[in-house]
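Working notes for the structure below.
Each value in this text was obtained by applying a stated rule to the coordinates, not by laboratory testing. It should be emphasised that the depicted structure is a prediction, and the values quoted were computed from it without experimental measurement. Cβ coordinates were reconstructed from backbone atoms using ideal geometry, including for glycine residues, and neighbour counts include every protein chain displayed.
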Amino acid sequence: MVLLDCQGELPSLEVMAEKFAMSTRTLIRKLKAEDTRYQQLLDDVRSEQAAWLLTETAMPIERIAERLGYQDTSNFSRTFRRWFQMTPLAMRKASQV
């Protein structure tokens, strides 16, 4: 998946459409045909990256949140709980057992 190869900030819908040489509307239609949305793809990539960084690195949670594009750690923690039904700290502790 192209999004997983991105380093740093994830690209916008407009940037991805340009990368695939299509309009944003065409990209939206193609994603809809696959029963998904661009925001859902971004969330999937962020959740995978968050879980990996928490379980495989010692990077502080604040730095992980920042790396994934969250300006506020509490927003990251809230979203993380929605993804995994646990806090980032709980996942980190569970992976160290």
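I need the calculated FRET efficiency for the pair MET59 and GLU9, taking r as the beta carbon distance and R₀ as 22 Å, to the nearest 0.05.
It comes to 0.85.
For an R0 of 22 angstrom, estimate the FRET efficiency from the Cβ-Cβ distance between GLN40 and GLN71 and round to the nearest 0.05.
After rounding to 0.05, the efficiency reads 0.55.
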